[in-house]
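S.K.: I am attaching a structure below and will ask some questions about it afterwards.
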Amino acid sequence: MSRPRPVPDLDWDAGQARELTGAFVDIWGELLDRMRELPVARPFAAADIAREMTLPIPAQPLAVAELAGLLRPLVLEHSTLCGHPGFMAYVSGSGTVPGAAADLLAAALNPNVGGWALSPAASELELHLTRWLAERFGLPEGAGGLMTSGGAASNMTALKAARDARTTQDVRRDGLGGLPLVLYTSEEAHATIAEAADILGLGERAARAIPTDDALRMRLDALEAAVADDVAAGLRPFAVAATAGTTATGAIDPLPEIADLCARHDLWMHVDAAYGGAAVLAPELRPLLDGIDRADSISFDPHKWLYTPQSSACLLVRDAATLLRSFSIDAAYVREDANLSGRGLNIGELGPQWSRAFMALKVWLSLAAHGTDAYGRRIAHDVELARYLDGRAREHPDLEPMCPVTLSIACYRYAPAGAGLDDRTIDTLNERLMIAIRRDGRAFPSNAELRGRYCLRACLVNHRTEAQDIDALLEATVRLGAELVASGLEVA
């Protein structure tokens, strides 16, 4: 049989790698240099973007200059710039420069951080980083976790571990078998808690939505009553999913009291701190998270308020062995005598995902390149900016603040004084106003619905945002709001 001849077409050398990445670094540098002068977003239409992104997929290779020429408009003209200082929508971090550089190195190394033998250094760095983060939250020795794609994956993984840990039957082997499990969360909690209940076979209604108080925090009396009612009805409570930084307003549930209740009823305490968890790095904000150290599990997304690039989230657990018990599998194709080989922990056995990217590198490099003190100052500054926005809204006769500022979210609405508009009309006006502000290009807010009222929402998890950007948002709100009303546009 003849030996196949080499086919080196895809095997680029270091010179070709430097040429291509050099061209991309030039585009990246232009993006950084021009970030503030560019619009946050343009008035995109899906059909137009689809046409622009019908890029060639040729049989023969394109030259580096051609590739760069195709991708420069993608970056500078056809994308929403989530790193722009005017981007204040959702809870989407701005992306650090060290984190982006780390992604290049991680992708170049290309380890599979599901198996230790495939990623010895990457696995150990991830375990080190998650242990360090767990310590920051006050979890005891033996705590740790793993990186995930985001809060949805973290919440689902945590509640699966909670389900397995708080049931006496072997649900991994036998399934639920009609076991009437229920869990509790706030009506302001992220929708992924109910989604996790669905994925785990419990059904969305098994995630009880507990009413909130005037500060939009879970009401402890309502939680206690719901647990008592479910027990009396023959149901099996197994977990409480508290929130440290709700998506809409940044509210923090009463964690110490929830921890006490969980201890009394032997319930797993999960804290969704995907957004608010970053407050542990700011000494002046850390007391807001008192009680989080008593959690059994914590979701935390560095790609939110630690500004690191997508995706870089994590799940932290009080006892890492609970994840092994819930997710470890025995498959012949991954069996290996660890004592003989010397391998460490396969992180793929801590969660549902085995093919895993080297996500920890961008988080570690961002922390190391900037230092945790700088992070603490910037996180606290974001809270100052939210308070500044709230204060300016309170001073303006045509603006109405909508919730207390706890972390770095401020909600308000345009309600022109003397216009005689009712609440329903103001809701519709603000819904249209949000789109108008985005199309204006200087700021990019999102929205919230609080107590049935539609309002504008600024979430400040962007290390480039400053007071001048808050001023630009409010100026656009008042100017464009007045134009909508003056135009005679029917908003009712």
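The values are calculated or read from the model by the stated rules, or taken from the named source; none is laboratory data. Worth saying up front: this structure is predicted, and the values here are computed from it rather than measured. In this analysis, Cβ positions are derived from the backbone assuming ideal geometry, glycine residues included, and neighbour counts consider all displayed protein chains.
S.K.: Tell me which residues, restricted to the range 19-40, are of a type in the set (Gly, Ala, Ser) and either modelled with pLDDT under 95 or touching a helix residue (DSSP H, G or I) at 6+ places or on another chain (Cβ under 6 Å) (or both).
M.R.: Restricting attention to the range 19-40, the residues satisfying the condition of being of a type in the set (Gly, Ala, Ser) are 22-23, 29.
Within the range 19-40, just ALA23 meets the criteria.
S.K.: Then there's this: Out of ALA331, ALA360, ALA320, I need the residue that is touching a strand residue (DSSP E or B) at 6+ places or on another chain (Cβ under 8 Å) and over 30 Å from THR406 (Cβ atoms). Which one?
M.R.: Answer to the selection: ALA320.
S.K.: Can I ask one more? Scan the range 234-271 for residues that are buried (at least 24 other Cβ atoms within 10 Å of the Cβ), among the hydroxyl-bearing types (Ser, Thr, Tyr) and within 23 Å of ARG205 (Cα to Cα) and report the count.
M.R.: The number of residues fulfilling the criteria is 2.
S.K.: Turning to a different aspect of this structure: Scan the range 247-261 for residues that are in a helix (DSSP H, G or I) and under 16 Å from SER299 (Cβ atoms) and jot them down.
M.R.: Residues satisfying the conditions are LEU255, ILE258.
S.K.: Tell me yes or no: at least one residue of the range 471-487 is modelled with pLDDT of 95 or more, over 20 Å from PRO85 (Cβ atoms) and basic (Lys, Arg).
M.R.: No, the conditions are met nowhere in the range 471-487.
S.K.: Within the range 351-360, can one find any residue that is buried (at least 20 other Cβ atoms within 10 Å of the Cβ), farther than 30 Å from ARG163 by Cβ and at pLDDT 95 or above?
M.R.: Looking through the range 351-360, none of the residues is buried (at least 20 other Cβ atoms within 10 Å of the Cβ), farther than 30 Å from ARG163 by Cβ and at pLDDT 95 or above.
S.K.: Let me ask something else. What is the residue count in the range 217-246 for residues that are in contact with a Gly (Cβ under 9 Å, 6 or more places away or on another chain), assigned to a loop (DSSP other than H, G, I, E, B) and of a type outside the set (Gly, Ala, Ser)?
M.R.: Looking only at that region, the number is 1.
S.K.: Between a first residue in the range 379-399 that is under 17 Å from TYR275 (Cα atoms) and not assigned by TED's automatic domain parsing to the domain that holds GLY250 and a second residue that is at pLDDT 95 or above and acidic (Asp, Glu), which pairs have beta carbons less than 8 Å apart while being 6 or more apart in sequence or on different chains?
M.R.: Between residues of the range 379-399 that are under 17 Å from TYR275 (Cα atoms) and not assigned by TED's automatic domain parsing to the domain that holds GLY250 and residues that are at pLDDT 95 or above and acidic (Asp, Glu), the close pairs are ALA380/GLU284; LEU385/GLU466.
S.K.: Out of all the residues in the range 189-200, which are touching a residue at least 24 places away in the same chain (Cβ under 8 Å), surrounded by fewer than 22 Cβ atoms within 10 Å (Cβ to Cβ) and not in a helix (DSSP H, G or I)?
M.R.: Correct list: LEU200 only.
S.K.: While we're here: Among the helices (runs of 4 or more DSSP H) confined wholly to the range 295-404, which include 1 or more residues that are within 30 Å of ASN447 (Cα to Cα) and among the small types (Gly, Ala, Ser)?
M.R.: Correct list: 360-370, 372-395.
S.K.: Determine, yes or no, whether VAL334 is β-branched (Val, Ile, Thr) and over 24 Å from ILE292 (Cβ atoms).
M.R.: Judged against the criteria, VAL334 is a match.
S.K.: If you don't mind, there's one more thing I want to ask. Within the range 432-447, can one find any residue that is part of a loop (DSSP other than H, G, I, E, B) and in contact with an Asp or Glu (Cβ under 9 Å, 6 or more places away or on another chain)?
M.R.: yes
S.K.: Here's another thing I want to ask about it. Among the candidates GLU449, GLU475, GLU431, single out the residue that is surrounded by fewer than 20 Cβ atoms within 10 Å (Cβ to Cβ), within 23 Å of TRP305 (Cβ to Cβ) and not basic (Lys, Arg).
M.R.: None of the other options fit; the residue is GLU449.
S.K.: Count, please, the residues in the range 86-106 that happen to be aromatic (Phe, Trp, Tyr) and either in contact with a Pro (Cβ under 7 Å, 6 or more places away or on another chain) or without any contact (Cβ under 8 Å) to a residue 40 or more places away in the chain (or both).
M.R.: 0
S.K.: Further, regarding this structure: Which residue, of PRO8, PRO4, PRO56, PRO61, is surrounded by fewer than 15 Cβ atoms within 10 Å (Cβ to Cβ), without any contact (Cβ under 8 Å) to a residue 40 or more places away in the chain, touching a helix residue (DSSP H, G or I) at 6+ places or on another chain (Cβ under 8 Å) and not β-branched (Val, Ile, Thr)?
M.R.: PRO56
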